[in-house]
Amino acid sequence: MSETQSELLPTGHRRIHKMEMHGITKRFPGVLANDKVDFDVSSGEVHALLGENGAGKSTLMKILYGLYSQNEGDIWLNDEKVSIHSPGDAMRLGIGMIHQHFMLVDSLTVAENVALGLESSRGFLTDLDVVSERILELGEIYGLQVEPDAYIWQLSVGQQQRVEIIKALYRGAALLILDEPTAVLTPQEVDEFFVTMRQMVSDGHALIFISHKLHEVIDICDRVTVLRDGRVEGSRSTKDATKGILAEMMVGRELGLEKDKPDVALGDVQLQVENLKALSNRETPALRGVDFEVYSGEILGLAGVSGNGQRELAEVITGLRPATDGKVFLKGQDVSQASPGQIMESGMAYIPEERMRDGMIKEFSVAENLILREHHQQPFSQSGFLNLKTVSTNADTLIESYNVKTPSQETPVKSLSGGNIQKLVLARELSRQPDVLIASQPTRGLDIGATEYVHERLLEQREAGRATLLISEDLDEIMALADRIIVIFEGSIMGEVPRAEATAEKLGLLMAGIAEGEQH
């Protein structure tokens, strides 16, 4: 039977009317990742998949995309049972996946990236002219305009995501798995991305949307399925869902999503940076004359899209990277030339962006990691020897106070979940009662329960009169916690906005490099 128009997408590929996963079970040694999971999505629908870290979302989608094989259960496409053993199988069946971390080669053009791995009618030569023409066609259909001859390194994060989607559509994806697709986008780019999603759905694509941003799930999705501990906790229409209901389904208890922020009287300036300049690891300018100050009793939020100097700023302030110009003052003292140890002893604490690389020694035990800052000082050390009883007591106290789930204080940190590792970092840094806290991406990679815990601890620091610099790419987090917000773009501060006047649109324009005077 010849395929009718209704069976074809605008791309010319066959549509997937329905995808069904029945009784999917996946076991790893000692872990039941998916336990008899049922999940489906239809043409013209966005179905959200929600769950905490470790709930089984990624495992389920990796099975659908052919990266894992299930131990039990079946996958059906258009009422036919299919076997998917590799991403190649998935793509041949019309299933594509847009990963959170883009799979692009920076040194190649858009067209070269799209053509990568595909057969060419010219043998060893690629059909780049044909590919480029098709890229422009797809861009026109779905509002994914991008220059085929541009190199990936020249593109913004939002444009790179367009390339990933075009790549999948070029290969015939009728069903797209979108893994945290908005995590690295400005609010304006999110709006543009949702327009593209709605166009794809209107044209008959089936979309699976994985996100931890509950308001986005409710805004863009038709249905939502929540996984908890590898099982389906429930499915419902987003018309019948609220953020509170979804959060409770995910964690099994009610969460306080609205932050209670009592008024705190501001004290003196605790941290001040003046005309701060620094180079990136590539020896290119990363900071271009940054100025700001943080007062005791406030959280100053630093917003920005990834890669605009946030990491370098945190490293310069904490003494981990030299400044090429400018000064850092901690409680009025110039610490621009001080070592990281001297800065920490002067009253600063640091929650690093890369907790496993910069915050912990993964082979060391929980107890050892909790004294990394003071292991050489009393009461933990005397005459060059550790006081093991004091180290053990300290670990017991902090494990209980910060609700760290660990088999024992002797457990190597690498065996713990990301949320519990972050609790250890918080326990060590905050127990020192710092005057200034630098919190860099403190909830990156954490699930909603662990994120709530971190937010509560940061607000406690504010109430205790400490000065906090919160560096985050999550605008929801910034707007929930910060008293003032500054925005960084290409190493420069674009502007400052009081929290009461902050909107996602206003901050998004600053994040895109449009100064307040240029906004309409």
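Contact order for the chain, expressed relative to its length and based on alpha carbon pairs under 8 Å spaced 6+ residues apart, stands at 15 percent. With a simple spin-label model that places each label point 7 Å from the Cα along the Cα-to-Cβ direction, the separation between S280 and Q342 comes to 3.0 nm. For K389, the aspartates and glutamates whose Cα falls under 18 Å of its own Cα, not counting residues fewer than eight places away in the same chain, are E368, E374, E400, E410.
With the cut-off at under 12 Å, measuring from each backbone N in the stretch 172-194 to a point 7 Å along the Cα-to-Cβ line of A504 picks out 182-183, 185-194.
Eigen-decomposition of the gyration tensor built on the alpha-carbon atoms of the stretch 367-428 gives equivalent ellipsoid semi-axes of 21, 10, 10 angstrom, largest listed first.
Free of any trypsin sites (Lys or Arg not before Pro) that DSSP assigns to a loop and that have at most 11 other C-beta atoms within 10 Å, the longest stretch within the chain is 1-252. Both radii were evaluated on the Cα set of the stretch 426-478; the Rg over Rh quotient, with Rh as the Kirkwood radius, amounts to 0.94. Over all projection directions, the Cα-based convex hull of the chain averages an area of 27.3 nm².
Distances between every pair of Cα atoms in the stretch 296-424, grouped in 5 Å steps from 0 to the bin holding the largest one, split as 2, 9, 16, 17, 19, 16, 12, 7, 2, 0 percent. On the principal axes of its alpha-carbon atoms, the stretch 400-520 has extents of 57, 29, 24 Å, going from largest to smallest. In units of the rule-of-thumb radius 2.2 N^0.38 Å, the stretch 54-100 shows an alpha carbon radius of gyration of 1.11.
Given K36/K423; K26/K167; K213/K506; K261/K331; K362/K423, which pairs have Cα atoms separated by over 23 Å? Check vs 23 Å cut-off fails for K36/K423; K26/K167; K261/K331. Charges were assigned to the Cβ only: +1 to each Lys and Arg, -1 to each Asp and Glu. The resulting dipole of the chain about its Cα centre is roughly 1320 debye.
Working note: 222 nm ellipticity from helices only, DSSP H runs with n ≥ 4, each -39,500 (n - 2.57), summed and divided by the residues of the chain, gives -9000 deg cm²/dmol to the nearest 500.
Measure out, as a whole number of angstrom, how far apart the alpha-carbon centroids of the stretch 42-92 and the stretch 263-291 sit. Rounded to whole Å, the Cα centres lie 45 Å apart. Using the Cα centre of the stretch 344-493 as origin and beta-carbon charges of +1 (Lys, Arg) and -1 (Asp, Glu), tell me which of L475, Q409, I488 is placed farthest towards the positive end of the dipole. Final value for the positive-end residue is Q409. Positive end of the dipole of the chain (Cβ unit charges, origin at the Cα centre): among I245, V290, N113, the Cα lying farthest that way belongs to I245. Each of V157, V305 was scored by other Cβ atoms within 10 Å of its Cβ. Listed from fewest to most, they are V157, V305. Positive-end ranking of V454, A504, L424 along the dipole of the stretch 416-507, with charges on Cβ about the Cα centre, is headed by L424. Each Lys and Arg adds +1 at its Cβ and each Asp and Glu adds -1 at its Cβ; summed about the Cα centre, the stretch 367-428 shows a dipole of about 160 debye.
Laboratory data are not the source of any read-out in this text; all were calculated from the coordinates shown. Note that this is a predicted model, so its numbers are computed, not measured. Positions of Cβ are generated from backbone atoms using ideal geometry, with glycine treated the same way; all protein chains shown enter the neighbour counts.
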